[in-house]
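See below for the structure under consideration.
The values are calculated or read from the model by the stated rules, or taken from the named source; none is laboratory data. Here the structure is a predicted model, which is why all the values come from computation and not from measurement. Reconstructed Cβ throughout: ideal geometry from the backbone, glycine too, with neighbour counts over all protein chains shown.
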Amino acid sequence: MSLPQALAAGRPIEGGFVAEIPAPWMQGRTSYGGFSAALALEAARGLVDDLPPLRSAQVSFVGPLAGEVEVRARLLRRGKNACWISAEVTSEAGVGLTATFVFMGPVESALHLHEVPMPAEVIPPDAARPLPDGVGPSFGQNFDRRFALPQSSHQKPEICWWVRLKDAEGLDPMVSLMLTADMLPPGVLPLIPRGSPISSMTWLVNLLTPLPQTRDGWWLLRSAGNYAEKGCSSQDMAIWNADGAAVAVGMQSIAVFG
């Protein structure tokens, strides 16, 4: 079941909706983080009319989410140009995800800065090698995935793939991007023992465009670890479209048990 199908099967409640997390979107005993974050964003979008574009999301992965979940949003503040909405996803086990979304319209500015270059040596998606079937968690079957950088014998805390959501029919572009943006494994994965448990804790995403667009559905995702000590890892993240334009940057904290 795709996200559009899960949303269509949901039922409304005050401030949001009830939905089922399909088995193909599970990651171990919890929902894939991008799926639960996309549910939260969908509830936030439905709370207020005439929202400006999403510009930032702060997500905390509090606990496991599985089965039927309640997704509720609450208006924190609406100003002349910006709107803050919080959202929460809960299951029988309690709160699984909390998020704060900031929606903001354009304002006049003399500042113009675009310093998020695509990684060097990126292989175009049409020429990139697909990941072998069965690699990674089961929710990966919902995406097309291709290696975006040449193979190297030197291991480093970086993962860079082309990723395309298989079923985005009817999804808001920002919801589709949020669903896709958490697709990569942690950047430090190549450096830790195989099979070591990992768990995302917090995730910050800043959107660099009011309307994310790309060719043929392909997004370039990069995660690069910059710190790991005593079980905590921090990584920088970025997303580009198929033409090399940056559309989002972020940061994530990850618990590494190994």
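Quick look at the values:
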| read-out | value |
| --- | --- |
| Boolean, residue 177 is in contact with a strand residue (DSSP E or B) (Cβ under 9 Å, 6 or more places away or on another chain) and under 17 Å from residue 210 (Cα atoms) | yes |
| Index of the failed condition, residue 73 passing every other in (1) modelled with pLDDT under 95; (2) under 23 Å from residue 200 (Cα atoms) | (1) |
| Yes/no for residue 16 being touching a Ser or Thr at 6+ places or on another chain (Cβ under 9 Å), closer than 22 Å to residue 168 by Cα, touching a residue at least 12 places away in the same chain (Cβ under 8 Å) and surrounded by 15 or more Cβ atoms within 10 Å (Cβ to Cβ) | no |
| Lone qualifier among 97, 65 - being buried (at least 18 other Cβ atoms within 10 Å of the Cβ), touching a residue at least 40 places away in the same chain (Cβ under 8 Å), assigned to a loop (DSSP other than H, G, I, E, B) and not hydroxyl-bearing (Ser, Thr, Tyr) | 65 |
| Counted residues, region 187-209 - those being within 15 Å of the chain's Cα centre (by Cα) and surrounded by 23 or more Cβ atoms within 10 Å (Cβ to Cβ) | 4 |
| Number of positions in region 38-62 that are part of a helix (DSSP H, G or I) and surrounded by 19 or more Cβ atoms within 10 Å (Cβ to Cβ) | 7 |
| Hits in region 136-173 (condition: out of contact with any Gly (no Cβ under 6 Å at 6 or more places or on another chain), buried (at least 17 other Cβ atoms within 10 Å of the Cβ) and part of a strand (DSSP E or B)) | 143, 144, 145, 146, 160, 161, 162, 163, 165 |
